[in-house]
Structures are given as structure tokens and as C-alpha cells.
Amino acid sequence: SEGNSASNSIANRGADMTRVEIVVATTDTIWIRDYGPRYVFQGEVRSIIDHKYNRPRNNDNAFNRFFRDYRGQAHYNHGLTHGGGNFHLDALGDGYLTELILNENSTFSSAAIHEIFADFQNLDCTFLDPFPTSVDSTQHLDMWMQIVADDKVIISEWPTQAGSTQAQICDATAAMMTAKGYQVFRIPARRTNGGGGAHYTFTNGVMCNDLVLIPEYSNSAVSGYNAQAVAVWQAACPGKTIQAINS
């Protein structure tokens, strides 16, 4: 029934349903970008690279094995625990994670983790300082950095919290990425105060072909940055449609 409902909703918005496939599987959450699948090419054939999902959600963690069988694809588990939101890469062989990956895999050395990503995904990974958990409990990279092309990256800046730990991490990463040859675009972010404080980010978007979905906010402390965020994404991704979603 959920599959039929999704199919009807998509069709009612005018999609070409010959390009839509509904796959029914039991999952715990919607965060499929965090638990997979992720792909490499093995020769000319796609193969799934899997990891242990860093949440106690067994159905989510099992999805890649289900999808392997559904597609009849090769499947390799590299043995590391992590969440996909803490992992970005370009197509030129560079990958990026925060050092959360080291904390989640304390029985592995930094060098060993680096080698695993090299072996399984042909990536030279850089491990970046994570935000304090008081700023962002996930410590995921997608909350403040997004690679948008092989030579372009969007990184948060903190117009009302300059000098904060998170601002220092973002500034240092922006300098590093510039030195590596990336064109760096800075986009505003805000951590609100108080017990209900939240980390408002514009980097945690979804890119699909020529469409980019980004968040926008109604909180009065952040809503003034909505238009600026769209403009930054448009500058970083010319020719793509930037669609802000009420988040």
C-alpha cells in the first residue's frame, strides 16, 4: 500500500512513470543516503560497497543486502561503522570525512581506515575535525560541507558566530580546500541558543542530475539567509535548478 501511494503521488505530479521503479522493503527510517547503497565500478559493472550503519536500526543496515539480491549485484562490506552523511567524495579520487569515523572504529588506526577506503573505493581520504556535539550531535560532514563538482565545494560560514569552534573548523577547511585547488563557496549557517537550540545548515542538500534540493527555514533568526543560500548554490552550480524546501 505504501508503494502504491508513492507511485500515485509521483504520477500525479507528472513524472514519466517508465523511469520510476517502486522497490518494497522493510526499513526503519528514510535516511537511505546514510545507510546506502554506495557504488563503485568493478570493470564496467556496478558493485555495492557496504558499511555497518552507525545507528541501532537493523532493517536499515540490512537494506544493502536486500538490494544486492534484488539487483543481482556484487556486494562488498568493508567492515567499518559509519553513517553516509559523514562522507563526501569527488570523481578524482579524493574523499572526506570528519574524525567521527575514527571514534566509531576505535579498533582501527587512522592509517588502517585510510587504507580501507583506498582498497575498496580507490579514494585518498582526508579526516577533518568534527564540530563539537554541543553544536551538531551528528558530527556529520554534510552538515557544513558539500562537494558540488570535482573542483567546487560549499562550506558553511558563521556570520553571527565568528571565532566559534565551528567557524574555525570551517575557515581552516576552506583554506585547505582552496590550497588543494577547489573553488570554495561560503554559505551562512547558524546555531541558535537556548535549550531548544538547533544547527541550521544550507549545505545538507540533495543533488540529482540537474536538480538541487536545499533547505530553507522559517525561524526568524535564520530565514534572512534563505535567499543568500539560494544565490550561493546558483553560483556554485550554474545551469542547475536550485529548489528550496521548507524544512
Report task. Take every DSSP beta bridge with both residues inside the stretch 55-172 and express the antiparallel ones as a percent of the total, to the nearest 5. Result -> 55
Requested in this report: Select from Glu104, Glu44, Glu115 the residue whose mean-square fluctuation is largest in a Gaussian network model of the chain (Cα-Cα springs shorter than 10 Å).
Outcome: Glu44
Report summary line: Once Arg19, Arg68 are ranked on solvent-accessible area with the largest value leading and a 1.4 Å probe, the list reads Arg19, Arg68
**Report entry** At q = 0.13, 0.18 Å⁻¹, base-10 log of I(q)/I(0) for the chain (Debye sum, equal scatterers on each alpha carbon)
**Finding:** -0.94, -1.59
Report summary line: Once normalised by the length of the chain, the mean sequence separation of its alpha carbon contacts under 8 Å that are 6 or more apart gives a contact order in percent of 12
Query raised in the report: Restricting the count to DSSP beta bridges whose residues both fall in the chain, what percent are antiparallel, rounded to a multiple of 5?
Result: 40
Report task. Compare Thr201, Thr29, Thr160 by solvent-accessible area with a 1.4 Å probe and give them largest first, with all protein chains kept in place. Result -> Thr160, Thr29, Thr201
Query - Given charges at Cβ of Lys, Arg, Asp, Glu: the chain dipole, positive-most of Ile113, Met143, Ser1 - result: Ser1
Query raised in the report: Can you list residues whose amide H is under 5 Å from Cys125's amide H, if they're 5+ apart or on another chain and H is modeled 1.01 Å from N?
Result: Gly95
Query raised in the report: Across 10 Å bins from 0, what is the distribution of all Cα-Cα pair distances for the stretch 89-180, in whole percents?
Result: 15, 46, 33, 6, 0
Requested in this report: Assign unit charges at the C-beta atoms only (+1 for Lys and Arg, -1 for Asp and Glu), then state the dipole size of the chain relative to its Cα centre in Debye, rounded to the nearest 20.
Outcome: 460
Query raised in the report: For the stretch 11-79, which whole percent of the accessible surface, found with a 1.4 angstrom probe, sits on carbon and sulfur atoms?
Result: 48
Report summary line: Sorted largest first, the C-alpha extents of the stretch 8-86 along its principal axes in whole angstrom are 41, 33, 22
Query raised in the report: Using all Cα-Cα distances in the stretch 161-247, what percent lands in each 5 angstrom bin from 0 up to the longest?
Result: 3, 13, 21, 22, 21, 14, 5, 1, 0
Report summary line: Judged on accessible area alone, 1.4 Å probe, highest first, Thr133, Thr18 line up as Thr18, Thr133
Report summary line: The rounded separation in angstrom of the Cα centers of the stretch 202-246 and the stretch 14-58 is 24
Report task. Can you tell me the relative contact order of the stretch 121-223? Whole percent, Cα pairs under 8 Å, sequence separation 6 or more. Result -> 25
Query raised in the report: Using +1 on the beta carbon of Lys and Arg, -1 on that of Asp and Glu, and nothing else charged, what's the dipole of the stretch 1-51 about the Cα centre, debye to 20?
Result: 160
Report summary line: What one gets for the stretch 83-125 as the Kirkwood radius, inverse of mean 1/r over different Cα pairs in Å, is 10.5
Query raised in the report: Taking a probe of 1.4 angstrom, what is the accessible area of Cys208 in Å², to the nearest 10?
Result: 80
Query raised in the report: Using a 1.4 Å probe, how large is the accessible area of Thr178, given in Å² and rounded to the nearest 10?
Result: 80
Query - Global geometry of the stretch 108-159, whether rounded, prolate or oblate, following the gyration tensor of its Cα atoms and the 1.5 cut on a/c - result: oblate
Query - Amide hydrogen neighbours beyond the local backbone of Lys152, cut-off 5 Å, H modeled - result: Gln183
**Report entry** ³J(HN,Hα) computed for each position of the stretch 87-92 - Karplus, 6.51 cos²θ - 1.76 cosθ + 1.60, integer Hz, glycine/proline x
**Finding:** 7, 10, 8, 9, 9, 9
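The values are calculated or read from the model by the stated rules, or taken from the named source; none is laboratory data. Source: prediction; values computed, not measured. Cβ coordinates were reconstructed from backbone atoms using ideal geometry, including for glycine residues, and neighbour counts include every protein chain displayed. What goes into the accessible areas is simple: the full protein's heavy atoms, side chains included, and nothing from ligands, DNA or RNA. Shrake-Rupley method; radii C 1.70, N 1.55, O 1.52, S 1.80 Å.
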